[in-house]
Structure formats: C-alpha cells, structure tokens
Amino acid sequence: MKFIHYIKNVSGVDIMGVFSLLVFVAFFIGVSIWVFKMKKSRLDKISRIPIDN
Amino acid sequence: MTVEKFYYDNKIVKAFGMATVVFGVVGMLAGLWAAIQLYLPASSLNLPATTFGRLRPLHTNAIIFAFVGNASFAGIYYSLQRLCKARMYSDKLSWFHFWGWQIIIAAAAITLLWGKTTGKEYAELEWPIDVAITLVWVVFGINMLGTIIKRREKHLYVAIWFYLATWVTVAMLHIVNSIEIPVSFMKSYSWYAGVQDALVQWWYGHNAVAFFLTTPVLGLMYYFLPKAANRPIYSYRLSIIHFWALIFIYIWAGPHHLLYTALPDWAQSLGTVFSIMLIAPSWGGMLNGLFTLRGAWDKVREDPVLKFMVVAITCYGMATLEGPLLSLKNVSAIAHYTDWIVAHVHVGGLGWNGFMAFAILYYLVPKMWNTTLYSKKLATNHFWIGTIGIVLYAVPLYWAGFEQSLMWKSFTPEGQLRFQFMETVNNLIPMYISRSIGGALYLTGALMMVYNLAKTMAQGSFIANEAAEAAPLVKAVSPQKEYWHRVIERKPVTLLVLSLIVVAIGGLVEFMPTFLVKSNVPTISSVKPYTPLELQGRDIYVREGCYVCHSQMIRPFRDEVARYGEYSKAGEFVYDHPFQWGSKRTGPDLAREGGKYPDSWHYNHMYDPRSMSPGSIMPQYPWLLDNKLDTASTPAKIKAMITLGVPYEKDYANRANADLMEQAKTIEGNLKKDKIETDPDMEIIALIAYLQRLGKDIKGPAVTAQQ
C-alpha cells in the first residue's frame with residue numbers, strides 16, 4: 001500500500017519535473033541575456049529615480 | 001517644456017501608517033497572550049473566544065494582513081506616488097481601499113474569535129469576507145495601475161514591479177484557494193478535499209509568505225533603502241534578475257510544507273528542488289541591499305532607520321537560507337510539526353517584516369510631519385530591545401523544536417518509544433517561558449516607538465498635500481533598438497500580464513496531475529463519508545481551531561507509526577472538506593484517535609485535560625458540555641457535501657438528523673455506563689463521535705515503516 005506505487009502507474013508524471021526545470025533554465029537565461037544587454041547609462045539613470053525625487 | 005505642479009497625497013499614507021501601528025500592537029498582544037497560554041493554560045480564561053485555537057488564527061491574521069499589510073500599503077502609497085511623479089489615481093479609490101481593508105480586519109477579528117473559520121491556515125476567513133477582500137483588492141489594483149498610467153516618469157522603477165507582481169499573484173492565490181461552497185451566512189466548505197485541498201492550501205500558504213510578506217516588502221526595500229542611505233541600489237541589474245527569478249521560483253515551492261505526507265512523491269521533490277533554487281535570488285536580493293551600504297556604515301551607526309533595515313535584511317537572508325534547508329526531506333523529517341518552524345517564521349516575521357515596518361515608520365513620520373525624529377536615542381533603544389527580543393524568542397524555540405523531535409524519535413534498546421508525548425511537552429515549558437519574554441520585549445520596543453512617533457507628530461506639522469513639480473510624459477518615438485526593454489519597462493500592463501504568466505505556470509504544473517489524473521488519489525473502498533453526527537463534530541473541531549495544535553497526518557517513520565499507528569494514506573481524506581492535516585504538533589497526532597480511549601475519557605478530557613493527562617497544556621472546553629448541537633444545520637451541510645461529490649444518498653439530507661440522534665443516543669448510553677449524565681444533543685457528543693471515527697476506516701495491516 002505504498003503511495004508511490006500508484007504514482008508510478010501514472011504516465012507522464014516524471015516529465016513534469018524535467019519540464020519544470022527546463023522551463024526555468026530557459027527563462028533564467030532569457031532574463032540574464034536581457035539584463036546584460038541593457039545599457040549601463042540607462043540602468044544608472046533608472047536606479048537614481050528614488051533619490052532624485 | 002512646461003512643468004506641471006501637483007500634490008502628493010500624504011493623508012492616505014498617514015492613515016495606513018496609523019493602522020499599521022494600532023494593529024501591530026494588537027496583533028503582537030494576541031501573540032503574546034497565546035504564547036503565555038502554552039505554559040499557563042488557565043490564562044485562556046476558559047472563554048471560547050480567547051482559547052488558543054481561536055487566538056492563534058487571530059494573531060497570525062492580524063500580523064500578516066493588518067500589521068504587515070497596512071505597513072506595505074503605507075509604503076506603497078508613499079513610494080508609488082513619488083516613483084511615478086504623480087498623485088494617486090483617485091482619492092476616492094484610495095479611501096475605499098483604506099476603509100474597506102480596515103472593515104475587513106474588524107470583521108476578521110470578530111468572526112475569528114467567534115469561531116467562524118474555514119479551517120485553512122492563513123485563509124481562515126469565511127466566504128463573505130473573502131468576497132470583500134477580492135473587491136477591495138481589485139480597487140487597490142485599479143488605483144495603482146491608474147497612477148502608473150498617468151505617471152510623469154518614463155521608467156518603471158523596480159520597486160513598482162514588485163508591487164505589480166504582488167497584486168496580481170495575491171489575487172490569483174486568494175481566488176483559487178478560497179473556492180468554497182457556502183452552507184450558511186458564515187459557514188462554507190472548501191471545494192477541494194484531502195490531498196488536493198492540502199496542495200492548494202500550501203501552494204497558497206507558502207506564496208502568501210512570498211507575495212504578501214516578501215515581494216511588497218522587497219519593493220519597499222528597493223525604494224526606502226536607497227532613500228534613507230541617499231545612494232542608489234548597489235546593482236540595478238541584480239535587482240531585475242532578483243525580481244524575475246524570485247517570482248518565478250517561489251510559486252513552485254509550496255509542496256515543501258507537505259514532505260513525507262500523503263502528497264505524491266513527484267510533487268514533494270518538485271517542492272524541494274525549487275526551494276533550494278530559491279536561495280539564489282533571495283540572497284541576490286539580500287546582498288544587493290547590504291552592498292548598497294558599502295562604505296556608508298558610519299551612516300548606519302547614526303541612523304536608526306538604517307539600523308532597522310540592516311537587521312531586517314539580514315533576517316531576510318537568514319530566513320531564506322533556512323527555508324530551503326528546511327525543504328530538504330531529512331531536515332523536514334526532524335523540523336516539521338515542531339517549534340523549529342515557529343522560530344523560523346518569527347525570524348522572518350519579527351526580523352524582516354517587523355523591522356522593515358518600523359524602519360519605514362521612522363522614516364515616514366518625520367518626513368510627512370516636516371520635522372526630525374523626537375528622540376533618536378529612544379529609537380536606538382527600541383532597536384536594541386527589539387533585537388534582543390528576537391534572539392530570546394527564536395533561540396529557545398529552535399532548541400525546543402530540535403529537542404522535542406529527538407525525543408519523539410528516541411527508542412529504548414528494547415525497541416520501545418522512550419518518551420510519552422506528555423514528557424516531551426513538559427520539557428518545553430522553560431523554552432516557552434523564554435519565548436514569551438522575548439515577545440514581550442519586542443512588544444515593549446514597539447510601544448516605545450508609538451510614544452516616539454506620537455511625540456514627533458506633536459512637534460511637527462502634518463503636510464497633507466505635498467507640493468511637487470515635474471514635466472509631463474511626452475509620447476516618445478524611440479528607435480527600434482531595445483524594443484523589448486521598452487515594452488517591459490514602461491508598459492505596466494505588459495509587466496502585469498508577464499508576471500501573471502510566470503506565476504501561473506508554476507501553479508498549473510503543480511496542480512494539473514493531481515487534479516486531472518484520477519488515479520493520482522487512489523480511493524480506498526473502505527473509506528466512507530462521515531455520519532451526520534461526525535460531520536457536525538468535525539465542524540466543531542474546525543470551529544475550535546484544534547488543528548493549530550493537532551495534526552492528522554502520520555508520516556511513514558518508525559516512531560510515528562509506533563506512536564500513532566499506521567501511516568496516513570491519500571485515499572483516507574477524499575471526503576475531508578477542508579483537510580485538517582495541521583502543521584504543528586503541540587498535542588499528539590489525532591489521525592488514528594478513534595477507539596483509543598472510551599467516550600467518557602474524551603468527555604472528561606475536553607472538560608479538563610489536566611484531569612486525564614496531568615501537566616497537559618491543552619485548553620479546557622467546558623462550553624462544549626453545555627452547548628446544544630445545532631441540528632437545524634444538518635440538512636444544509638449534507639446537501640453541500642452532496643454538491644461537492646460526497647456520495648450520500650440523494651434524499652439523505654432529510655433523513656440525516658434521525659441517524660444523527662440515533663448515534664448520539666449510543667454515545668449518551670456509553671457515557672451513562674461510566675456515570676456521566678448528559679443529553680444526547682450536546683456539542684460534546686458530536687465531537688466525541690468525530691474523534692472516535694478518526695482513522696477507523698482502514699484497520700491497518702502489518703506495518704512497513706521506513707526510517
């Protein structure tokens with residue numbers, strides 16, 4: 001009566017784990033590329049918004 | 001270019017700030033009172049409203065939604081206007097939000113103490129209040145988006161991203177977790193049952209921490225820390241990565257609250273993996289905050305605001321390192337159900353949220369009253385007394401949790417459990433006393449702040465409408481280059497939708513298999529719906545908040561199986577709307593309580609636990625012996641259960657009360673044999689029926705436990 005046995009019978013469940021990880025890795029790489037392509041001058045300007053008010 | 005003149009609305013900030021202070025003190029008092037009850041049970045006054053099971057939800061709700069909630073709103077209303085160079089979109093909506101929220105808090109306080117609860121932690125409020133929360137939240141969102149849209153600043157500073165993500169995610173969490181079917185004006189059943197209910201609830205519970213106690217406060221950190229230190233955040237790049245990684249990962253980690261329970265294994269592993277990954281963005285955020293102060297530590301020594309922030313951010317770092325560690329299965333095996341978790345939460349609550357709120361209040365009041373802080377010295381003393389309070393609170397509880405867990409798991413060489421449950425409780429009393437002293441110190445500090453702020457207000461004069469000037473935003477036609485930067489950074493609705501997609505992916509992946517694949521929750525043929533009397537008893541169990549001290553989920557460990565019986569199976573909970581697995585074992589697990597003691601034992605134990613278990617810290621429930629059971633509600637309850645798919649016969653609602661009385665008379669008879677005279681239609685009878693039912697559906701075969 002171990003619960004895992006039921007789960008093993010359900011197909012496609014282990015895919016979920018792999019899928020989640022892949023989605024995250026892709027997402028993370030995307031964000032990183034995006035951030036590092038931003039211009040320094042712009043970043044500096046934006047980061048001063050709270051102070052210049 | 002013409003410059004426009006406009007006014008920031010400080011009055012609304014003041015209102016939320018005042019509410020923060022008031023409800024902060026109330027929430028801390030409730031917590032302190034509850035803490036004292038754990039070693040002086042009589043201090044519950046034996047009144048229904050003030051017993052631990054009702055006071056604890058009041059404490060948690062007050063701190064989360066009233067104290068931290070109002071503090072976040074104060075900070076958001078202040079910073080958003082300035083970051084957008086615009087007054088709030090609509091004063092009317094601002095005030096609707098303010099009063100709506102305070103009325104909800106008042107309603108919450110009354111109903112929780114009155115015993116009206118859904119029985120799901122941090123989502124205890126009943127359905128009419130849930131509806132009101134949704135309405136007020138939508139108004140808040142409209143007001144915020146409206147302000148952003150009419151802003152005079154081209155770029156959306158990262159703090160605003162955090163606010164938007166907070167708004168959209170909390171909306172999603174609240175709605176999904178609150179789907180319930182009303183039975184009467186103040187009673188409903190969760191739409192989900194058992195494992196599914198647990199999964200949804202902890203997806204919610206975990207992300208309430210993430211998106212109500214963390215993301216808005218991080219937004220505030222990104223505004224108020226640079227402001228107070230008068231220097232920009234260390235790395236704006238890092239803050240963007242922090243934002244996206246955090247909201248993406250957080251949403252998946254909920255199942256780490258359910259390790260080793262009857263939740264499917266793959267979901268547990270998913271929770272663990274994503275929890276570990278959370279360390280990266282959390283620490284990125286912490287370091288970003290602390291590095292902002294590099295070379296400015298002399299300022300920290302001078303300024304109480306920065307002092308509070310440094311400890312707050314450090315506590316954030318500690319709590320977010322500890323959280324992932326607690327998600328490791330072998331650590332969870334020890335820490336779950338113990339005071340360790342309570343300590344962990346309070347490092348976050350007292351340290352991160354509380355100190356951030358104090359810092360912001362110390363910053364805002366002098367600014368808005370156009371003066372300086374009445375006494376820096378008093379604020380510094382507040383800082384120290386608060387810090388000592390946190391240490392005195394947390395350290396003993398870490399110790400208590402660790403030690404109790406080891407005692408639970410300890411066997412004699414002969415293979416017997418070494419300690420009775422009560423022995424492990426007795427051992428905690430000194431730790432409980434110390435923690436309440438820590439809490440009292442922390443509260444004292446907060447009261448010092450109240451005095452200090454009141455004096456500051458008295459010496460200054462309040463600027464209700466603060467004048468400002470800025471050029472209006474011209475529609476810029478920018479070159480094709482950097483298209484995506486522009487879209488995300490300047491278009492709040494796009495940002496909102498993207499955030500929603502990011503958080504929804506995690507939720508969907510987590511739920512889908514459990515909801516779609518029927519065989520994921522195996523049904524056990526011997527598991528039957530509750531009898532009407534048991535159902536009524538279960539509702540009393542929920543009403544009294546027994547789940548704040550008792551779990552109903554036996555994990556597959558040798559010691560738990562030896563102590564409580566066969567470990568729990570997912571299929572046992574298919575009729576549990578809501579689930580009552582609990583999260584803390586101040587008392588023993590009750591999943592297999594049925595048949596352990598005679599009815600009379602329970603009768604006497606509920607009247608006075610110490611008469612049956614000397615030294616017990618469980619509250620007395622004398623009113624259950626005097627209250628008549630509300631049998632008029634039975635048909636409606638059965639009907640609701642039928643709607644939810646519980647297999648009662650179609651016309652059973654009308655016959656239910658006859659069965660109820662019959663079962664009640666049997667229990668009355670059992671009690672009579674033990675010389676206890678009572679009417680059958682009393683609440684205690686229903687509760688006994690429920691307790692005697694627990695775990696009886698499956699008579700466990702020989703047990704194969706894993707260690």
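The values are calculated or read from the model by the stated rules, or taken from the named source; none is laboratory data. This is a predicted model, so every value here is computed, not measured. A quick note on method: Cβ atoms are made from the backbone with ideal geometry, for glycine too, and the neighbour counts reach across all protein chains shown. In case anyone asks, the SASA skips ligands and DNA or RNA and just uses the protein heavy atoms, side chains included. Shrake-Rupley method; radii C 1.70, N 1.55, O 1.52, S 1.80 Å.
Got a sec? Which of B:T456, B:T444 is outside the structural domain of B:P588 (by TED's automatic domain parsing) and surrounded by 17 or more Cβ atoms within 10 Å (Cβ to Cβ)? First the steps, then the outcome.
Numbers: B:T444 fails: surrounded by 17 or more Cβ atoms within 10 Å (Cβ to Cβ).
B:T456 is the lone residue from the list that is outside the structural domain of B:P588 (by TED's automatic domain parsing) and surrounded by 17 or more Cβ atoms within 10 Å (Cβ to Cβ).
Considering the range B:585-633 alone, what residues qualify as being in a helix (DSSP H, G or I) and among the aromatic types (F, W, Y)? Give the derivation first.
Our first condition is that a residue be in a helix (DSSP H, G or I); within the range B:585-633, this holds for B:599-607, B:609-612, B:623-626, B:631-633.
Within the range B:585-633, B:W601, B:Y603, B:Y607, B:W623 meet the criteria.
Given the criterion assigned to a loop (DSSP other than H, G, I, E, B) and either small (G, A, S) or surrounded by fewer than 19 Cβ atoms within 10 Å (Cβ to Cβ) (or both), identify the matching residue among B:G537, B:G582, B:G571.
B:G582
I'm trying to understand the selection: among the residues of the range B:252-284, which are within 9 Å of chain A (Cβ to nearest Cβ), open to solvent by 10 Å² or more (accessible area, probe 1.4 Å) and under 19 Å from B:F579 (Cβ atoms)?
B:D265
Output the number of the condition that B:Y192 fails; it satisfies all remaining conditions of (1) part of a loop (DSSP other than H, G, I, E, B); (2) open to solvent by less than 10 Å² (accessible area, probe 1.4 Å).
For B:Y192, the exception is condition (2).
Scan B:I240, B:I249, B:I233 and give me the residue that is hydrophobic (A, V, I, L, M, F, W, C), within 30 Å of B:T20 (Cα to Cα) and surrounded by fewer than 23 Cβ atoms within 10 Å (Cβ to Cβ).
Checking each option against the conditions leaves just B:I240.
Taking B:E423, is it open to solvent by 50 Å² or more (accessible area, probe 1.4 Å), more than 30 Å from B:T371 (Cβ to Cβ), outside any helix (DSSP H, G or I) and charged (D, E, K, R)? Show your work before the answer.
Numbers: open to solvent by 50 Å² or more (accessible area, probe 1.4 Å): yes; more than 30 Å from B:T371 (Cβ to Cβ): yes; outside any helix (DSSP H, G or I): no; charged (D, E, K, R): yes.
Against the criterion (open to solvent by 50 Å² or more (accessible area, probe 1.4 Å), more than 30 Å from B:T371 (Cβ to Cβ), outside any helix (DSSP H, G or I) and charged (D, E, K, R)), B:E423 does not qualify.
Quick one: count up the residues across the range B:366-377 that are under 27 Å from B:P216 (Cα atoms) and either surrounded by 24 or more Cβ atoms within 10 Å (Cβ to Cβ) or of a type in the set (F, W, Y) (or both).
Going through the range B:366-377 one residue at a time, the tally reaches 1.
Going through B:V138, B:V200 one at a time, which residue ends up being part of a helix (DSSP H, G or I), buried (at least 20 other Cβ atoms within 10 Å of the Cβ) and of a type in the set (V, I, T)?
On the way: B:V138 fails: buried (at least 20 other Cβ atoms within 10 Å of the Cβ).
Sole residue among the options that is part of a helix (DSSP H, G or I), buried (at least 20 other Cβ atoms within 10 Å of the Cβ) and of a type in the set (V, I, T): B:V200.
Just checking, does the range B:152-167 include any residue being basic (K, R), surrounded by 23 or more Cβ atoms within 10 Å (Cβ to Cβ) and part of a loop (DSSP other than H, G, I, E, B)?
no
From the list B:A458, B:A446, B:A454, pick out the single residue that is of a type in the set (A, V, I, L, M), within 25 Å of the chain's Cα centre (by Cα) and at pLDDT 95 or above.
Result of the check over B:A458, B:A446, B:A454: B:A446.
Can you find, within the range A:39-53, the residue that is farthest from the other protein chains (Cβ to nearest Cβ) among those that are polar (S, T, N, Q) and outside any loop (DSSP other than H, G, I, E, B)?
In this case the residue turns out to be A:S41.
crowded, with 21+ Cβ neighbours inside 10 Å and farther than 22 Å from B:Y122 by Cβ: does that describe B:V310?
The answer is no for B:V310.
If I filter the range B:73-94 down to residues being under 18 Å from B:F211 (Cα atoms) and of a type outside the set (S, T, Y), which single residue comes out as farthest from the other protein chains (Cβ to nearest Cβ)?
Looking at residues that are under 18 Å from B:F211 (Cα atoms) and of a type outside the set (S, T, Y), I get B:F73.
Residues in the range B:68-90: is at least one open to solvent by 10 Å² or more (accessible area, probe 1.4 Å) and over 30 Å from A:D52 (Cα atoms)?
Checked the range B:68-90: no residue is open to solvent by 10 Å² or more (accessible area, probe 1.4 Å) and over 30 Å from A:D52 (Cα atoms).
Only one of these is touching an Asp or Glu at 6+ places or on another chain (Cβ under 9 Å) and crowded, with 24+ Cβ neighbours inside 10 Å: B:T51, B:T20. Name it. It would help to see each step written out before you state the result.
Numbers: B:T20 fails: touching an Asp or Glu at 6+ places or on another chain (Cβ under 9 Å).
Just one listed residue meets the conditions, B:T51.
If we only count helices (runs of 4 or more DSSP H) wholly inside the range B:245-307, which ones have 1 or more residues that are under 30 Å from B:L364 (Cα atoms) and out of contact with any strand residue (DSSP E or B) (no Cβ under 7 Å at 6 or more places or on another chain)?
On the way: elements: B:265-277, B:279-292, B:297-302.
Result: B:279-292, B:297-302.
Take B:S600 and tell me if it is within 14 Å of chain A (Cβ to nearest Cβ), touching a residue at least 60 places away in the same chain (Cβ under 8 Å) and over 23 Å from B:F402 (Cβ atoms).
No; evaluated as a whole, the condition is false for this residue.
Determine if the range B:118-128 includes at least one residue that is outside any loop (DSSP other than H, G, I, E, B), open to solvent by 10 Å² or more (accessible area, probe 1.4 Å) and within 15 Å of B:V176 (Cα to Cα).
Kept after step one, since they are outside any loop (DSSP other than H, G, I, E, B), are these residues of the range B:118-128: B:127-128.
Then drop every residue that is not open to solvent by 10 Å² or more (accessible area, probe 1.4 Å), which leaves B:127-128.
Checking which are within 15 Å of B:V176 (Cα to Cα) leaves us with B:127.
Within the range B:118-128 (the criterion being outside any loop (DSSP other than H, G, I, E, B), open to solvent by 10 Å² or more (accessible area, probe 1.4 Å) and within 15 Å of B:V176 (Cα to Cα)), the answer is yes, since at least one residue qualifies.
Quick check, is B:R231 within 30 Å of B:I385 (Cβ to Cβ), in contact (Cβ under 8 Å) with a residue 24 or more places away in the chain, in contact with a helix residue (DSSP H, G or I) (Cβ under 7 Å, 6 or more places away or on another chain) and not in a helix (DSSP H, G or I)? Even if it seems obvious, please write down each step before you answer.
Details: within 30 Å of B:I385 (Cβ to Cβ): yes; in contact (Cβ under 8 Å) with a residue 24 or more places away in the chain: yes; in contact with a helix residue (DSSP H, G or I) (Cβ under 7 Å, 6 or more places away or on another chain): yes; not in a helix (DSSP H, G or I): yes.
Taking the combined requirement at face value, the residue satisfies it.
What single numbered condition from (1) free of Cβ contacts under 8 Å to residues at least 60 places away in the same chain; (2) out of contact with any Leu (no Cβ under 6 Å at 6 or more places or on another chain) fails to hold for B:N370?
It fails just one condition, (1).
Based on this model, can you work out whether B:N657 counts as over 27 Å from B:D608 (Cβ atoms) and open to solvent by 20 Å² or more (accessible area, probe 1.4 Å)?
Working: over 27 Å from B:D608 (Cβ atoms): yes; open to solvent by 20 Å² or more (accessible area, probe 1.4 Å): yes.
Judged against the criteria, B:N657 is a match.
Among what's in the range B:378-420 and is of a type in the set (F, W, Y) and closer than 30 Å to B:D303 by Cα, pick the residue that is surrounded by the most Cβ atoms within 10 Å (Cβ to Cβ).
Only one residue fits best here, namely B:Y393.
Given the conditions (1) of a type in the set (F, W, Y); (2) at pLDDT 95 or above; (3) surrounded by 23 or more Cβ atoms within 10 Å (Cβ to Cβ), which single one is not true for B:Y530?
(3)
When the residues of the range B:585-627 are filtered to those that are of a type in the set (K, R) and open to solvent by 20 Å² or more (accessible area, probe 1.4 Å), which remaining residue is nearest to the chain's Cα centre (by Cα)?
Per the criteria, the residue is B:R592.
Could you tell me whether any residue of the range B:641-651 is assigned by TED's automatic domain parsing to the domain that holds B:V574, modelled with pLDDT under 95, loosely packed, with under 14 Cβ neighbours inside 10 Å and touching a strand residue (DSSP E or B) at 6+ places or on another chain (Cβ under 9 Å)?
yes
Suppose we filter B:Y567, B:Y547 for residues that are modelled with pLDDT of 85 or more, within 14 Å of another protein chain (Cβ to nearest Cβ) and more than 30 Å from A:R42 (Cβ to Cβ); which single one remains?
Of B:Y567, B:Y547, the one residue that is modelled with pLDDT of 85 or more, within 14 Å of another protein chain (Cβ to nearest Cβ) and more than 30 Å from A:R42 (Cβ to Cβ) is B:Y567.
Hey, can you tell me all the residues within the range B:217-230 that are within 8 Å of another protein chain (Cβ to nearest Cβ) and open to solvent by 10 Å² or more (accessible area, probe 1.4 Å)?
Answer for the range B:217-230, where residues must be within 8 Å of another protein chain (Cβ to nearest Cβ) and open to solvent by 10 Å² or more (accessible area, probe 1.4 Å): B:K227, B:N230.
B:Q102 versus (1) part of a helix (DSSP H, G or I); (2) surrounded by 24 or more Cβ atoms within 10 Å (Cβ to Cβ): which is the lone unmet condition?
(2)
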